[in-house]
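To keep things clear, I will list the structure first and then write my remarks on it.
Quick note: the coordinates plus some simple rules give every number you see, no bench work behind them. As the structure is a prediction and not an experimental result, all values here were calculated from the model. Note: ideal-geometry Cβ built from the backbone for every residue, glycine included; neighbour counts use all protein chains shown.
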Amino acid sequence: EEYSHFGMVARFSAGAARLPFWTLRDYIGTDLPKANPRIKSVKCPYTGEELATVPALNPDVTIVHAQRADAQGNAQIWGLLGVQKEAAFASQRVIVVVEELVDERVIRSDPNRTLIPAAIVSAVVVEPWGAHPSYAQGYYDRDNDFYVGWEAISRDKGELAHYLDEFVYGVKTRAEYMQKQPRLLERLKAGEQRCAGVNYGY
């Protein structure tokens, strides 16, 4: 099944809302519906416009990365949010990987950052640098050197096999993976840029 990036966002949104499908305008007139028979079209009952539809996606398990969570699983995310919340609410089970486990009082002190509530979380995994080579805002930056290097590695079967043997199959833990790249911590560690506090009082 082939979908655009936003098509997948729409599928997760439908799944999270427990709707059978989601509508889009940007598939009409493209070849995607020819390549994927699951992309249908409907006539809008309000405007008469023809809209494309994509089916809801409800994964068995969704794994999301968050900056922090408490032991109950209330997970907080800030910065670029992507579609993590929708993917989590669409799923049957949710595993949250976090940079750090914090006290429940920390979570309660800033409730608007809690995008994924404990009620839908099956497990919390504490794994610092768990989003690498991507980033975790406030903890570390995106590893652009990795992405540039990956382009060449992924085009060569021998280089790819070597990379997988060293950094995927050849390490038992994430910490061991990080030890193979000691300069990473210095190079990517986030600087300080604190936001202004807010008053939650009544």
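Taking loop as defined by DSSP and a crowding limit of 13 other beta carbons within 10 Å, which trypsin sites (Lys or Arg not before Pro) in the stretch 24-65 fit? Sparse-neighbourhood loop trypsin sites (Lys or Arg not before Pro): ARG25, ARG38.
Find the lysine pairs in the chain meeting two conditions, Cα atoms under 27 Å apart and a separation of 8 or more places or different chains, and report how many there are.
8
First check a/c for the stretch 144-188, with a ≥ b ≥ c the square roots of the eigenvalues of its C-alpha gyration tensor; if it is under 1.5, answer rounded, and if not, answer prolate when a/b is larger than b/c or oblate otherwise. Oblate is the answer for the stretch 144-188, as a/c is 1.5 or above yet b/c matches or exceeds a/b. Overall shape of the stretch 5-55 was characterised from the C-alpha gyration tensor. The equivalent ellipsoid obtained from it has semi-axes of 16, 15, 9 Å, in decreasing order. Our analysis of the chain gives Rg over Rh at 1.03, with the two radii drawn from alpha carbon positions and Rh computed by the Kirkwood formula.
Only one residue of VAL42, MET8, LEU32 has its Cα farthest out toward the positive end of the dipole of the stretch 1-46, where Lys and Arg carry +1 and Asp and Glu -1 on Cβ, and that residue is VAL42.
Our summary gives the chain a relative contact order of 16 percent, counting only alpha carbon pairs under 8 angstrom and 6 or more residues apart. With both labels modelled 7 Å from their Cα along Cα-to-Cβ, the ILE153 to VAL106 distance reads 3.0 nm.
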